[in-house]
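Read the structure below first, then the notes.
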Amino acid sequence: MSYVDEVLAKVIEKNPAEPEFHQAVKEVLDSIRPVVDANEELYRKNAILERLVEPDRQFKFRVAWVDDKGQAQVNTGYRVQFNNSIGPYKGGLRLHPSVYAGIIKFLGFEQVFKNSLTGLPIGGGKGGSDFDPKGKSDREVMAFCQAFMTELAKYIGADIDVPAGDIGTGAREIGFMYGQYKRIKNLYEGVLTGKGLSYGGSLARTEATGYGLLYLTEELLKMNNIDIAGKTCAVSGSGNVAIYATEKAHQLGAKVVTCSDSTGWVYDPDGIDVAALKEIKEVKRARLTEYKKYRPNAEYHDKATEGTNQWSVKVDIALPCATQNELNLEDAKALVANGVIAVCEGANMPTTLEATEYLQEKGVIFAPGKAANAGGVATSALEMSQNSERLSWTFEEVDSKLKGIMVNIAHNISDAAEKYGMPGNYVAGANIAGFEKVVDAMLAQGIC
Ligand code: NDP
Ligand code: 2IT
């Protein structure tokens with residue numbers, strides 16, 4: 001059995017019932033095979049792959065808080081510190097009822113390679129809880145965040161581990177968590193990113209993941225002699241990533257005609273109204289059924305009753321920006337039948353392995369999340385730099401650094417794919433380029 005297959009089998013045996021973690025590891029290990037084959041003796045001797053798939057440490061803890069009725073509630077909190085070979089652990093906190101150890105581990109594993117691709121000194125980690133912020137009052141969210149941080153504060157720090165937002169964790173939650181960290185530690189330090197602008201946040205961090213996705217998409221298309229202007233796009237999700245991806249797509253002259261949430265999706269032939277979307281999701285925290293009130297010409301489709309989704313719409317570019325495994329083989333076939341040119345992942349692992357292979361076979365430009373959505377964490381690292389030097393950069397400064405980083409990633413993943421004889425395979429390119437830096441640092445630092 002090859003070294004890669006041996007380690008894959010061990011991961012499944014040692015982490016049973018964690019299919020998302022298996023999926024993420026399989027994608028990475030499968031595509032770094034040529035590098036592993038070329039260095040097998042060295043990697044085996046240093047147990048490089050075994051160390052790569054085993055987090056440095058994992059915390060799992062009780063989060064007890066009191067709801068508005070005076071009832072005590074209990075959730076489970078997680079933080080996985082995966083690999084700090086190239087910098088302090090860095091990665092978001094997901095608050096969603098579907099969160100369990102396997103989700104946090106897959107996200108932490110992905111984060112190691114994503115953070116490496118940014119070219120910035122950040123290692124990989126991830127955390128979160130099965131708490132659902134939906135339908136909770138601000139006071140309930142604060143009570144949860146304070147209880148969560150009371151435990152998490154023991155494990156993090158500006159030079160140790162720096163969490164940020166992810167699904168369900170936005171500016172409001174980061175604010176409550178930051179306040180509690182400060183209270184416990186009596187330290188005013190850059191321990192979280194995605195902070196508000198009045199207390200150490202960076203301009204352009206809110207926009208960064210969505211904007212970065214479009215900078216990378218634009219560059220990959222350009223490298224394939226295609227102009228993004230005039231193209232039609234389908235976006236899924238209607239959260240932080242989806243909103244700012246749509247905004248930047250419009251600025252670049254493309255037209256986004258869909259958005260979605262967990263219950264339904266919208267088709268707006270005139271192009272999604274970003275101001276309406278921001279008001280519905282960021283201000284009112286309402287459902288997408290509201291959208292028709294702003295745009296009577298748009299269609300709202302209920303997912304459960306219709307069994308459809310936004311991938312059935314004829315578009316040139318698909319940008320999945322909601323959650324893992326939201327684009328399956330059937331969706332990929334529908335997109336290809338409709339002539340899709342590119343699929344670029346704003347979310348983490350939104351495309352199933354079968355769908356990814358199918359799209360690649362059909363010659364669709366496919367940008368994996370660890371490259372395409374790296375703009376968020378890259379800008380988080382820029383926030384850390386600003387906190388360290390106790391200065392704030394302008395929006396234009398941060399945005400232009402973000403664009404430079406995304407353009408670099410596009411070229412690095414393309415070059416790595418070509419170097420190993422797989423031109424145009426950006427999945428392989430991203431995994432190899434991300435892995436090379438991490439493995440170099442691991443080898444230099446000895447067995448640890
Ligand atoms: P938000 O919480 O702001 O938005 C999430 C969106 O996805 C919502 O529209 C939500 O719908 C939908 N969604 C979430 N879970 C599900 C589900 N199980 N099924 C269907 N729809 C779902 O999160 P973000 O925009 O921040 O994150 C979106 C994706 O991007 C995630 O995969 C995240 O890991 C990734 N990402 C985020 C970064 C960031 O900086 N925020 C950086 C890089 C990647 P509903 O409201 O109905 O739940
Ligand atoms: O998946 C991700 O890269 C994020 N949720 C952002 C992490 C961060 O530290 O900004």
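If you wrap a convex hull around the alpha carbons of segment 119-189, what volume per residue comes out, as a whole number of Å³?
On the way: hull volume 7.1 nm³, N = 71.
Convex hull volume per residue, Cα atoms: 100 Å³.
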Helical mean residue ellipticity (222 nm; -39500 (n - 2.57) per DSSP H run of 4+; nearest 500) of the chain: -14500 deg cm²/dmol
Table column - 3J(HN,Hα) (Hz), segment 122-129, Karplus curve with 6.51, -1.76, 1.60, x for Gly and Pro: 9, x, x, x, 7, x, x, 7
Placed amide H near G264: partners under 5 Å, 5+ positions off or other chain: K303
DSSP-defined beta bridges in the chain - what % are antiparallel, rounded to 5: 55 percent
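Of K195/K248; K248/K278; K333/K370, which ones are farther than 18 Å apart at the Cα? Mind showing how you got there, number by number?
Details: K195/K248 22 Å; K248/K278 14 Å; K333/K370 23 Å.
Pairs exceeding 18 Å: K195/K248; K333/K370.
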√(5λ) per eigenvalue of the Cα gyration tensor, segment 281-333, largest first, Å: 23, 14, 12
Scattering profile of segment 1-54 at q = 0.15, 0.16, 0.23 Å⁻¹ [log10 I(q)/I(0), Debye over alpha-carbon scatterers]: -0.37, -0.43, -0.85
HN-Hα J in Hz across segment 171-178 - Karplus 6.51, -1.76, 1.60, θ = phi - 60°, x for Gly and Pro: 4, 4, 5, 4, x, 4, 5, 5
Amide H partners (placed H, <5 Å) of R94, local residues excluded: G127, G128, S129
Spread of Cα-to-Cα distances over 10 Å intervals beginning at zero, given as percent, for segment 148-196: 28, 63, 9
Reach of K69 by Cα under 18 Å, taken over aspartates and glutamates that are not fewer than 8 positions away in the same chain: D132, D138, E140
Segment 308-413 - Rg (one decimal) and Dmax (whole number), Cα, Å: 16.5, 52
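Sort 309-315, 400-406, 66-72 by the packing proxy (mean of other Cβ within 10 Å over each peptide's residues), most packed first.
Working: 309-315: 21.4, 400-406: 19.6, 66-72: 9.6.
Result, highest mean first: 309-315, 400-406, 66-72.
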Segment 1-42-segment 132-176 distance, computed between alpha-carbon centres (Å): 33 Å
Cβ-derived FRET efficiency at R0 35 Å, N186 paired with L391, nearest 0.05: 0.90
K136, K114 arranged by Cβ crowding within 10 Å, fewest neighbours leading: K136, K114
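Would you mind ranking R44, R79 by Cβ crowding within 10 Å, fewest neighbours first? Kindly include the intermediate steps, with their values, before the conclusion.
On the way: R44 15, R79 28.
So the ranking, lowest neighbour count to highest, is R44, R79.
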Eligible lysines near K60 by straight Cα distance, threshold 21 Å, same-chain separation 8 or greater: K14, K90, K105, K126, K154, K185
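Would you please classify the overall shape of the chain from the alpha carbon gyration tensor, given that a ≥ b ≥ c denote the square roots of the eigenvalues, rounded means a/c under 1.5, and beyond that prolate means a/b larger than b/c while oblate covers the rest? Let's see the in-between values first.
Values: a/c = 1.42, a/b = 1.02, b/c = 1.39.
Taking the square roots of the gyration eigenvalues as a ≥ b ≥ c, the chain is rounded.
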Computed Rg/Rh of segment 265-366, alpha carbon atoms with Kirkwood Rh: 0.99
HN-Hα J in Hz across segment 134-142 - Karplus 6.51, -1.76, 1.60, θ = phi - 60°, x for Gly and Pro: 4, x, 8, 6, 4, 5, 5, 4, 5
Segment 195-282 - convex hull of the alpha-carbon atoms, volume per residue in Å³: 100 Å³
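What order do you get for F59, F176, F131 when you list them from fewest to most C-beta neighbours inside 10 Å?
Values: F59 16, F176 19, F131 28.
In order of increasing Cβ crowding within 10 Å: F59, F176, F131.
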Charge tally in the Cβ shell below 11 Å around C344, where Lys, Arg are +1 and Asp, Glu are -1, C344 excluded: -3
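Taken together, the values in this text are just the output of simple stated rules run on the coordinates, not laboratory data. Fair warning: this is a prediction, and the values are worked out from it, not measured in the lab. Every residue, glycine among them, receives a Cβ derived from its backbone with ideal geometry; neighbour counts consider all protein chains shown.
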